[in-house]
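Report on one structure; see the data block that follows.
None of the figures in this text is laboratory data; all of them are computed from the coordinates on show. The shown structure was predicted, so the numbers you read here are calculated from the model rather than taken from an experiment. Note that each Cβ is placed from the backbone with ideal geometry, even for glycine, and that neighbours are counted across all protein chains shown.
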Amino acid sequence: MNHRERVQRAVHMQGPDRAPLLLYNRDFELSDLMVIEVVKHWGGPGRDTSEWGFVWEKLDDTMGKPRETLIMTWEDLDCFTLPDPYDPGRFVKVAETMGQYGDKYYVASLALTGFTIMSFLRGFASTLEDLYLEPGNMNRLADLVFGFECSVIKQVKAYGFDAVGFFDDWGTQSSLMISPAMWRSFFKPRYQAQFQLAHEQGLDVYFHCCGQIKEIIPDLIEIGVDILNLSQPNLYDKEALGKDFRGKVCFLCPISYQTTSLFGTREEIEAEAAALTRSLGCLRGGFIGYVEEYHSIGLSEENYQNCIRAFQDNGIYR
């Protein structure tokens, strides 16, 4: 079974030979999936400039934050220059990468999406406030951001991708950042339109989200998420999460970046990998392991390797 077939069968609960594994930013030859960014957020000589216009400010090797807010007033939105979704350089290295890595399952990553981009352009606090104070202008901003993404999505299938990836953090350590009612009225219809567009192109939908978002997982499944990347599984009761959603969506999770992968022993890492696969996967698939090299937040080389081995050794659905 090749990499692509293994992932496709896991995502659609069709009985792969084992749980696939995603290596995000290193050791790609070991990975069943390959994530290729098609929105340019780290360009320029210093790799610190987004095509959206903001410049990254950072103190270490993490992503950082935009140095300044670009839409300080709503008049700024009137003269804001939208990135060109049809920039011919957007896919320039895709064929070379696919030629190098062969029969992987390829995800066209929009890198940072939706609400996250809106908050980077307008400022986080102002974005939250203006959902209530300036709904008309927020609709204008959302239409620009989500519309740009839709234009990119329409181009993806022609380059050989299997899925399109959305990366939009919605959770704090304990709950959604906004009320579920506001999320459902303002954002859910926009996501639904994007996911439907992806499915019409024959693409799976990969959705990444940090934080505790259990309140809207049923909504994400309802509107078409195929692969749900929950990057902080330590915030959830894994058994309860599996009981509620196992077999309804394909989960993709790491060994917790806040606890076990940083501070755990090899045995504890092995136990968490087994628990994730057992709790969130079903007999026919439904779970993908995820490992990212995260030295920037304290992940040691030893535990990075332990995470890879843990998923390789515990990738049997039960």
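General observations
- Among the chymotrypsin sites (Phe, Trp or Tyr not before Pro) in segment 1-68, none is located in a DSSP loop while being surrounded by at most 13 other Cβ atoms within 10 Å of its own Cβ.
- Largest GNM mean-square fluctuation among Cys210, Cys307, Cys79, using the chain with Cα springs under 10 Å: Cys79.
- Whole-number D in µm² s⁻¹ for segment 1-158, Kirkwood Cα-pair radius fed into Stokes-Einstein, 10 °C, 1.306 mPa s: 89
- Cross-link pairs beyond the 29 Å C-alpha cut-off, checked among Lys188/Lys248; Lys188/Lys243; Lys58/Lys93: none
- For segment 187-318, share of DSSP beta bridges that run antiparallel, in % to the nearest 5: 10
- With N as its number of residues, segment 3-313 has a Cα radius of gyration that, divided by 2.2 N^0.38 Å, comes to 0.98.
- Cleavage-rule hits (trypsin sites (Lys or Arg not before Pro)) in segment 32-68: DSSP loop, at most 13 neighbouring Cβ within 10 angstrom: Arg47, Lys58, Arg67
- Bridges between two residues of segment 3-313, per DSSP, are antiparallel at a rate of about 20%.
- Considering helices alone, the calculated mean residue ellipticity of the chain at 222 nm is -11500 deg cm²/dmol, with DSSP H runs of length four and up weighted by -39500 (n - 2.57) and normalised per residue.
- The alpha carbon gyration tensor of segment 31-98 gives principal lengths a ≥ b ≥ c with a/c of 1.5 or higher and a/b no greater than b/c, which makes the shape oblate.
- With contacts taken as Cα pairs under 8 Å at a separation of at least 6 residues, segment 3-313 carries a relative contact order of 20 percent.
- Extension gain, Ser174 back to Ala240 (0.36 nm per residue minus Cα-Cα distance, nm): 22.2 nm
- Applying both filters, DSSP loop and at most 15 other Cβ atoms within 10 Å, to the chymotrypsin sites (Phe, Trp or Tyr not before Pro) of segment 66-100 gives Phe80, Tyr86.
- All other residues whose Cβ lies under 14 angstrom from that of Pro189 are scored, Lys and Arg at +1 and Asp and Glu at -1, for a net of 0.
- Once the Cα gyration tensor of segment 126-245 is diagonalised, semi-axes √(5λ) in Å: 23, 22, 11
- DSSP-defined antiparallel bridges as percent of all bridges, segment 1-112, nearest 5: 45
- Think of the chain as having a plus end and a minus end, set by charges on the Cβ of Lys, Arg, Asp and Glu; of Phe195, Thr113, Ser179, Phe195 sits farthest toward the positive end of this dipole.
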